[in-house]
1. Between ASN31 and VAL53, 0.36 nm times their residue separation minus their Cα-Cα distance comes to what?
2. So, with +1 on the Cβ of K and R and -1 on the Cβ of D and E, and no other charges, what is the size of the charge dipole of the range 75-232 about its Cα centre, to the nearest 20 debye?
3. Quote to one decimal, in nm, the extra length available between GLN73 and PHE147 on full extension: 0.36 nm per residue of separation minus the C-alpha distance between them.
4. Using the basic label-point model (7 angstrom from Cα toward the beta carbon), what is the VAL244 to HIS117 distance in nanometres?
5. If you average over every viewing direction, what projected area does the convex hull of the Cα atoms of the range 144-219 give, in nm²?
6. Holding the Cα-Cα limit at 30 Å, pick out from LYS34/LYS312; LYS152/LYS312; LYS34/LYS120 the pairs that are longer than that.
7. Rank the residues LEU307, LEU95 as a footprinting-exposure proxy: fewest other Cβ atoms within 10 Å of their Cβ go first.
8. Let me see the P(r) profile for the range 60-185: every Cα-Cα distance counted, bins of 5 Å, each bin given as a percent of all pairs.
Amino acid sequence: MMAGRIVAGLGVGALSTIVPVYQSEISPPHNRGKLACIEFTGNISGYAASVWVDYFCSYIESNYSWRLPLLFQCVMGALLGVGSLIICESPRWLLDNDYDEEGMVVIANLYGSGDLHSDKARQEYREIKMNVLLQRQEGERSYTDMFRRYYKRVLIAMSAQALAQLNGINVISYYAPLVFESAGWAGRDAILMTGINAISYLASTVPPWYLVDRWGRRPILLSGAVAMIISLSLISYFIYIDVVATPTLTVVFVMIYNAAFGASWGPIPWLYPPEILPLSIRAKGASLSTATNWAFNWLVGEVTPVLQAAIKWRLYLVHAFFCACSFVLVFFLYPETSGVRLEDMNLLFGDATTAMPTPATQGERGSLMSAGSPVPSLDIRRQYGRLGADSAIPGLDIDPPNVSSSTGSKTGRPGFREDSSSRLEGFGGWISNMITRHKGSEPPGQGGQYRRLGQEEN
């Protein structure tokens, strides 16, 4: 069982790093936050389901009381494995690794309803490719270089994940029955209250779908911190006075705390790091921020029983203090990223590439940046000016490759079929197109292989 737990932990650790990065790289700026919050809702739905499975299995008087919950996890893991076979690769990863034709096809699926000649898709391709080529001029992408050049972004990413744990969520998630028992609930009733709390927690993750891109990240984090400070302080107070109404009031404010966390510090610390980190170090930085999350997750889980026995009701004041620290750090250090393109983040943080752009890059920049930034203070046109195409020279090609829309023979994956007559639109159509791409016949030895641009076919 310990070996299985280690393997499962490795899988969860890898997924918790990859999924937020992948989510940010395939999402358009105007609803990147919404899609990340939907993903977090899926996460919490799994948590809520696990609590209720545990509750109902507690009535089983045999080994199945613990075997069934583990089997349930295997089913969910199998569904995830099957789903991973039909999703597309990140277009930013493809272009960063010179799979330009495959990248253009994926961008067309995501931004142009499958139309390879869509102006929006081709504009997106140019934006990403130019950013990739500029960052390549910076040289090595080591951890040392990451901290030297992007220390502010990396520290913000790590602090967001650390504070999400220090704000006390795992005191409730891991030890909710113990919390409710300390407030007067006993036995199976404490597990039942944990299940009810999980439902409210799940419901609280839905409003951010509609607010995170409309209000922005900062207001949600700040308001969430205030709500958590108040609720944790009142939980501590009611457990301290220990009156007849303490059990009920504790449940109420635990639910309010969970709702505040689920609507703010739950989803956004997973959204924020991958969207503020540049492509060149996004994988390294996101893995480091995720490692920070799990390190503090372990720390809180280990010290909570000890502190709960030693300082009792004061434990919740400790986490209220960290919520106050969260408010201060967000207010003074966290910039607003809502609606900002991933390729524009370097201007937001003031650490734009120091690599000297080629004249060709400068020549393309005027047309690429003509729309400006959705953030008033980030008017890229004002900073770089409008350089016409006549100043460009050969040597840097950021135009989309000529990909056949009928045969798919140059996409690097023979299973791709881009027949516009069968192309479906919308989210459902995108899923259908991703499934279709795996149904085509593939020559032996080439299935699932990407081909770099310019590589000869056998």
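Taken together, the values in this text are just the output of simple stated rules run on the coordinates, not laboratory data. These figures come from a predicted structure and were not determined experimentally. In this analysis, Cβ positions are derived from the backbone assuming ideal geometry, glycine residues included, and neighbour counts consider all displayed protein chains.
1. Numbers: separation 22, 0.36 × 22 = 7.92 nm, distance 3.32 nm.
Extra length from ASN31 to VAL53 when fully extended: 4.6 nm.
2. On the way: 15 positive and 16 negative charges, 130 e Å.
Rounded to the nearest 20 debye, it is 620 debye.
3. Values: separation 74, 0.36 × 74 = 26.64 nm, distance 3.74 nm.
That pair, GLN73 and PHE147, stretches by 22.9 nm at full extension.
4. It works out to 7.9 nm between the two label points.
5. Values: hull surface 29.4 nm².
Its Cα hull, projected and averaged over all orientations, spans 7.4 nm².
6. The pairs that break the limit, which is 30 Å between Cα atoms, are LYS34/LYS312; LYS152/LYS312.
7. On the way: LEU307 16, LEU95 25.
Fewest-to-most Cβ neighbours within 10 Å comes out as LEU307, LEU95.
8. In order of increasing distance, the bins hold 2, 8, 9, 9, 10, 12, 14, 11, 9, 7, 5, 4, 1, 0 percent.
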